[in-house]
Amino acid sequence: MPEKRQNKILNIIINEHIKEAQPVGSGAIAKKYGLKLSSATIRHEMKDLEDKGYIYQPYTSAGRVPTEKGWKYYLENFLSEKKISDQEKKELEHSFNIKSDDKKQNVKNLAKKLAEISRETVIVGFSPEYTYYTGLSHLFRQPEFEEYELICHISEVIDHLDEVIIRLFKNTEKDDFKILIGQENPFGENCGAIISKYEDKNGQEGIFTLLGPRRMSYAQNLSRLKHSHSLLKTI
């Protein structure tokens, strides 16, 4: 487990990586965060974090980015939800309250608005046999997905989405929220997913998922998904 000073540096690296989508160097940390530590000291601590498996250097002379182990440590120890804004609440509620007798269309409207606000992909499993997704272009616009092979992999997952949704229905409890990353994420190791299972007034269960790059803003997106989940339970 990282020491107290390393904890702070690891948290900074991950939050900077979320915002900038770039490796984070010791100079940037020293300059931006005023830790009262020299770049050399920060480099030493980063080397120790690297030796412990929490961060790695993607290429020579680059800064560091979190490993799967680093992301899991962040989610377990640092993640703190950011309260959803009143404006976002209003937009989600308006999209969901459009008068329609078609409940599934109402859910799709909510999914589209959530994808628009979060700039991520939203996947809905109305049942293991019936799925809907929107906002896939947001995922492909992320710098991580400039590589052709990654796009092909995600496309293959989407082609077999029913198999993934069946697994999520089996492994997710009602009203539970799960964050899946790395090897445990059925959508791919380079993605992050926040998953919830809702139940409507008629007892019909569904899966509602936010899918993004592994460095997605979990703090904001978890709050957005929870508010959407509360709306889905009212149909």
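Key figures for this structure:
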{"read-out": "Residue match in region 199-221 (condition: surrounded by 19 or more Cβ atoms within 10 Å (Cβ to Cβ), more than 11 Å from the chain's Cα centre (by Cα), at pLDDT 95 or above and of a type in the set (A, V, I, L, M))", "value": "yes"}
{"read-out": "Which numbered condition residue 88 fails, given (1) among the acidic types (Asp, Glu); (2) modelled with pLDDT of 95 or more; (3) within 17 Å of residue 192 (Cβ to Cβ)", "value": "(3)"}
{"read-out": "Restricting region 52-72 to residues that are assigned to a helix (DSSP H, G or I) and out of contact with any Leu (no Cβ under 7 Å at 6 or more places or on another chain), the residue that is least open to solvent (accessible area, probe 1.4 Å)", "value": "71"}
{"read-out": "Every residue from region 63-113 that is among the small types (Gly, Ala, Ser) and closer than 23 Å to residue 19 by Cα", "value": "63, 70, 80, 85"}
{"read-out": "Looking only at region 39-51, and only at residues there that are farther than 27 Å from residue 194 by Cα and touching a helix residue (DSSP H, G or I) at 6+ places or on another chain (Cβ under 7 Å), the one that is most open to solvent (accessible area, probe 1.4 Å)", "value": "43"}
{"read-out": "Matching residues in region 119-174 - criterion: being of a type in the set (A, V, I, L, M) and over 20 Å from residue 204 (Cβ atoms)", "value": "136, 139, 150, 151, 154, 157, 158"}
{"read-out": "Close pairs (7 angstrom Cβ cut-off, 6 or more residues apart or separate chains): over 13 Å from residue 24 (Cα atoms) and among the small types (Gly, Ala, Ser) in region 39-65, crowded, with 16+ Cβ neighbours inside 10 Å and at pLDDT 90 or above anywhere", "value": "53/67"}
{"read-out": "Matching residues in region 210-235 - criterion: being closer than 16 Å to residue 185 by Cβ and in contact with a helix residue (DSSP H, G or I) (Cβ under 7 Å, 6 or more places away or on another chain)", "value": "210, 211, 212, 213, 214, 215, 218, 221"}
{"read-out": "Filtered residue count, region 20-38, keeping only those that are open to solvent by less than 40 Å² (accessible area, probe 1.4 Å) and part of a helix (DSSP H, G or I)", "value": "4"}
{"read-out": "Of all residues making up region 167-191, the number that are buried (at least 17 other Cβ atoms within 10 Å of the Cβ) and in a helix (DSSP H, G or I)", "value": "1"}
{"read-out": "Subset tally (residues that are among the hydroxyl-bearing types (Ser, Thr, Tyr) and either open to solvent by 70 Å² or more (accessible area, probe 1.4 Å) or part of a strand (DSSP E or B) (or both)) for region 146-163", "value": "1"}
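Yes or no, residue by residue, for (1) buried (at least 18 other Cβ atoms within 10 Å of the Cβ); (2) in a helix (DSSP H, G or I):
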{"position": "111", "(1), (2)": "yes, yes"}
{"position": "116", "(1), (2)": "no, yes"}
{"position": "125", "(1), (2)": "yes, no"}
{"position": "144", "(1), (2)": "no, yes"}
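Per-residue answers, yes or no, for (1) more than 15 Å from residue 179 (Cβ to Cβ); (2) of a type in the set (Asp, Glu); (3) in contact (Cβ under 8 Å) with a residue 60 or more places away in the chain:
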{"residue": "70", "(1), (2), (3)": "no, no, yes"}
{"residue": "73", "(1), (2), (3)": "no, no, yes"}
{"residue": "78", "(1), (2), (3)": "no, no, yes"}
{"residue": "85", "(1), (2), (3)": "yes, no, no"}
{"residue": "91", "(1), (2), (3)": "yes, yes, no"}
{"residue": "96", "(1), (2), (3)": "yes, no, yes"}
{"residue": "100", "(1), (2), (3)": "yes, no, no"}
{"residue": "104", "(1), (2), (3)": "yes, no, no"}
{"residue": "107", "(1), (2), (3)": "yes, no, yes"}
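The values are calculated or read from the model by the stated rules, or taken from the named source; none is laboratory data. These numbers were taken from a predicted model, which means no experiment stands behind them. Note that we place each Cβ from the backbone using ideal geometry, even for glycine, and neighbour counts take in every protein chain shown. SASA here: full protein model, heavy atoms, side chains in, ligands and nucleic acids out. Shrake-Rupley method; radii C 1.70, N 1.55, O 1.52, S 1.80 Å.
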